[in-house]
Each structure stands twice: as structure tokens, then as C-alpha cells.
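Colleague: Here it is, the structure in full.
Values in this text are rule-based calculations from the coordinates and carry no lab data. Keep in mind it's a predicted model, so treat the numbers as computed, not measured. All Cβ positions, glycine included, derive from the backbone under ideal geometry; neighbour counts span all protein chains shown.
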Amino acid sequence: MSQPSSIRRYDYYSLLAFALTAVASIALQNFVWIAVALFLFSALKDHQKIDWPSNLFVTATLVFLASYILGCIVGINPAQSFQSVHKYLTFLLILPVGAMALSTLDIRRIFYYFIGGAVVCSIFGIGKYFIYHQDRIDSFSGDKMVFGGMLMVTVLFITCLLISTPKNYYLWASLVIVTWALILTQTRGAWVGVFTGFILLTWRFNKKWLLLGLALALAGFFLSPQSFKDRVESIVTVHFVYNDQNQVVNATQTRLLIWKSGFQIIKEHPMGIGQGNLEDIYPKYRIDAIGNDPNVPHLHDNFLQILLQNGWIGLAVYLFWIFSFYWEALRFKSSDEELNLWNWMFLCMFSAVLVWGLTEYTFSHQFMNIQFFFMGLAVLLWKNNSVKS
């Protein structure tokens, strides 16, 4: 990746357009697929051999994708499942991105474009909070939880770049704006995710920043409005309410009711129900409680959702997929310290998404393009710059 770039400029401009608009719009995220199409077309036109990435994580990703197909086949309604499973082909994004010839400068510019777009969206969202009194901001995306996840990733990118360029005032201003917007999304899973990623990142490269960050987070909690304090405290407030027959009738959070219903479905369908079928089957298992939706599109937990859709085999594959990413990332070593920093940043991003995924199904169409694009960059990093012993 540190070698001169040989990617065609019109292809690279599509990547920059994707990075600039990824946080704003799912429709504009399709710029990444334009870049992929141009990359494949130019390689075919010029009869170039594509240097496809090959490692344990790439293999695990293909197996992970196959587990979704298997879940469709053995699920309760294969015809309906195959109407939605195609979106998981986004997993394959790691292959062409990992095969592209991008220089370090190219990658760094993509980071800055992504951050710039996130800052614009953050300013717009903050404006909605003050002007329209929006309780939980969503900016242009229309989904406050997904917006929070996107900003979570952005905060980690900015922090990473600041470690190597601590006197960059543009990055400091961006960090303040994006973090402010992330707080205003009130997306608790993203809060815990960015906190986890920040601890891993600063613990590895700058422990003074870790202490400063923890101090600022603690001070921010005590100075924040009571509604935000309640939101934070609700993260650790977890318990069920039982009736005289020892049956669950309510809970401190509706997600707890959804998870309990999900466990019951999993118990009766160990091979999985396939994709797109939960809303049809959920009412039968729903716990009748105030505030508990009659239908849910997913279980708000990656592990439970994958187990529900793809069965125990699918969950095993998912755990192997997670292991394979850490295996490749922790084995990576480069003579270029900036690339070592980027590798750790990708690991922190992956970890943050895993934590966020404990309370949200992150494999949604609105987030996957971003997630798997940056995973593709991680694969590219491992392929071109590793000096593993």
C-alpha cells in the first residue's frame, strides 16, 4: 500500500465520492460499487491479472456468507428468505477493495474525505437538535442508531490520525463536532462501542490520552443534562419483572423482552429460520407488555440474530469469522509505524462494532457498505505490507 498508486483516477474519484457521502446517504453509498465496477472493467479491458487477497479472514468471510445461504435453504420460508439475502453480498466488498492498488497517500485521503463528510452530517444533526428540538438526531440518514454507529467509527478514525499528527487543529475541531453529534444520537451501543475502541487505541499508542479521555468522559457525565445521565445509567439497569406464576411480564428495557422471545424461537428452530421471516413468526412468541412492539425486524443483537437466522452452524461460523480477523490483525507487523497504527485502528473499529452489535443488528444495509469497505482496506494492508515472521 505504500507503493505508488496504480489505480485509475476515475475509479479513485468514485472511492472519494463514497467516502465523502457515506455517512449522509445510503443511496450515495453506491459510489463504492461504481468504483468496484470500474476497477473490474479496467482490469478486464487491459487484460490485467487481479491480485486477489487471500488469507484466513477472506476465507472466513466467504464461509460466513455461505452460512446465510444455508440459513435461507433450511429456514421456515426459503422463498421469502431469498428475497432479502442478496444484501449480504456486501461481504464480498472486501475482495475488490483488497485487490486495488492504493498507496498510503490514497488511503489517507479517503480517511479525510470520510471525516469531512461525517463532520458536515454532524453539524446538520446538531442543528436539528437546537433548531427543531429533535430528541435523538439522525442527520440525513433517517436512522438515529445507524447514524450513531457511523459516527462511532468516525471518532476512532479521527483519534487514530491525531496520534500521528497531534497538532492538526482541523482534526481536533472535527473530533469535538463528531463526538458531540454522537452523544446527541443517544445511541447507547455506539457510546459503549466507541469507548471500547478508544481504550484499545490509546492504550496501545498513547496512555496519556487514555487517562485524559476517561477524565473528560467522567466530567461530561456529571455536567450533562439529567436525560443524558438517565440514558447512560440505563445501560447497566437490567432486570425482568415477573408475575405470580414466575412468568416474565415486563422488563427495564424492551430489548430484554425481545431477546427472551428470541431465545424461545431459537430453542424451537435450532437450524435457523432464515432471513426476512422474523416479523412473521415473532408475534407468536412476543411477551405482552407495554412498549413491546408486536413485530420486530431483528433481535437487536448480532449474536442472537445470526443464531436465529442461520442456526447454530451460522453462529459457529460467525465466531470463527471474528477469530480470523483478530488472528490476521494481531499477526500483522510493518516497518512503517503509520501502517501499524492503521492496523490497530482497524482492529479497534472492528472491536467497537462488535460491542455495538451486542444491542443492535449491525449487518444492516445502511452500515455494511462502510463496515466492509474498511475491512477491505484492512485486507489490503495485510496483503501488501506485512513482514510477519
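Colleague: Taking the mean number of other Cβ atoms within 10 Å as a proxy for protection, how do you rank 321-328, 349-356 from highest to lowest? Show your work: numbers first, answer last.
Modeller: Details: 321-328: 18.1, 349-356: 22.9.
Highest to lowest by the protection proxy: 349-356, 321-328.
Colleague: Count charges around Asp106 for me, please; just the other residues with Cβ under 13 Å from its Cβ, Lys/Arg as +1, Asp/Glu as -1.
Modeller: +3
Colleague: Okay, moving on. Go ahead and set up a Gaussian network model of the chain, Cα springs under 10 Å, then flag whichever of Gln29, Gln134, Gln309 fluctuates most.
Modeller: Among Gln29, Gln134, Gln309, the largest GNM mean-square fluctuation belongs to Gln134.
Colleague: While we're looking at this one, here's another question. Where in the range 177-194 does the amide nitrogen come within less than 16 Å of the point 7 Å from the Cα of Phe130, taken along Cα to Cβ?
Modeller: 177-185, by backbone N distance to the label point.
Colleague: Computed from the coordinates I sent, Rg and Dmax of the Cα atoms in Å equals one of (1) 22.9, 78; (2) 21.7, 69; (3) 21.4, 74. Tell me the label.
Modeller: The listed entry that was calculated here is (3).
Colleague: At 222 nm, what helix-only mean residue ellipticity would the chain give, in deg cm²/dmol to the nearest 500, using -39500 (n - 2.57) for each DSSP H run of four or more?
Modeller: -22000 deg cm²/dmol
Colleague: Pull up all non-local amide H partners of Ala251: gap of 5 or more, or a different chain, and H-to-H distance under 5 Å with H placed in the peptide plane.
Modeller: Val241
Colleague: Using +1 on the beta carbon of Lys and Arg, -1 on that of Asp and Glu, and nothing else charged, what's the dipole of the range 40-117 about the Cα centre, debye to 20?
Modeller: For the range 40-117, the charge dipole is close to 100 debye.
Colleague: I've got another one for you. Which aspartates and glutamates have a Cα lying under 18 Å from the Cα of Lys128, excluding residues fewer than 8 positions away in the same chain?
Modeller: Leaving aside aspartates and glutamates fewer than 8 places away in the same chain, those within reach of Lys128 are Asp138, Asp143.
Colleague: Starting from the Cα gyration tensor of the range 41-127, take the square roots of the eigenvalues, sort them a ≥ b ≥ c, and report rounded, prolate or oblate (rounded when a/c is under 1.5, otherwise prolate if a/b is larger than b/c, else oblate). List each step's numbers first, then the result.
Modeller: Values: a/c = 2.49, a/b = 1.24, b/c = 2.00.
Note, shape of the range 41-127 comes out oblate.
Colleague: Using alpha carbon centroids, what distance separates the range 123-160 and the range 232-279, in Å?
Modeller: Cα centroid to Cα centroid, the span is 28 Å.
Colleague: Which order do the peptides 55-64, 330-339 come out in when sorted by mean C-beta neighbours inside 10 angstrom, highest first?
Modeller: Top to bottom by mean Cβ count within 10 Å: 55-64, 330-339.
Colleague: Between their Cα atoms, which of Lys207/Lys333; Lys144/Lys267; Lys167/Lys207; Lys207/Lys383; Lys49/Lys383; Lys167/Lys383 are more than 27 Å away from each other?
Modeller: Beyond 27 Å: Lys144/Lys267; Lys207/Lys383; Lys167/Lys383.
Colleague: Now for a different question. Would you give the gap between the C-alpha center of the range 70-106 and the C-alpha center of the range 343-389, rounded to a whole Å?
Modeller: That distance is 15 Å.
Colleague: Let's see if you can work this out: charge +1 on each Lys and Arg Cβ, -1 on each Asp and Glu Cβ, no other charges. What is the dipole magnitude of the range 46-201 about its Cα centre, in debye to the nearest 20? Each step should come with its number before you reach the end.
Modeller: On the way: 9 positive and 6 negative charges, 50 e Å.
Using only the charged Cβ atoms, the result is roughly 240 debye.
Colleague: OK, next. Taking the Cα centre of each part, how many Å lie between the range 45-69 and the range 300-333?
Modeller: The two parts, judged by their Cα centres, are 17 Å apart.
Colleague: What is the order of Ile34, Ile50, fewest Cβ neighbours within 10 Å to most?
Modeller: Ile50, Ile34
Colleague: Only Lys, Arg, Asp and Glu count, each charged at its Cβ (+1, +1, -1, -1), so figure out the dipole size of the range 310-389 about its Cα centre, rounded to 20 debye.
Modeller: 220 debye
Colleague: OK, next. Of Tyr10, Tyr361, how do they rank once you tally other Cβ atoms within 10 Å and put the fewest first?
Modeller: Fewest-to-most Cβ neighbours within 10 Å comes out as Tyr10, Tyr361.
Colleague: Sticking with this structure for a sec: Within a Cβ distance under 12 Å of His298, other residues only, what is the Lys/Arg minus Asp/Glu net charge?
Modeller: -3
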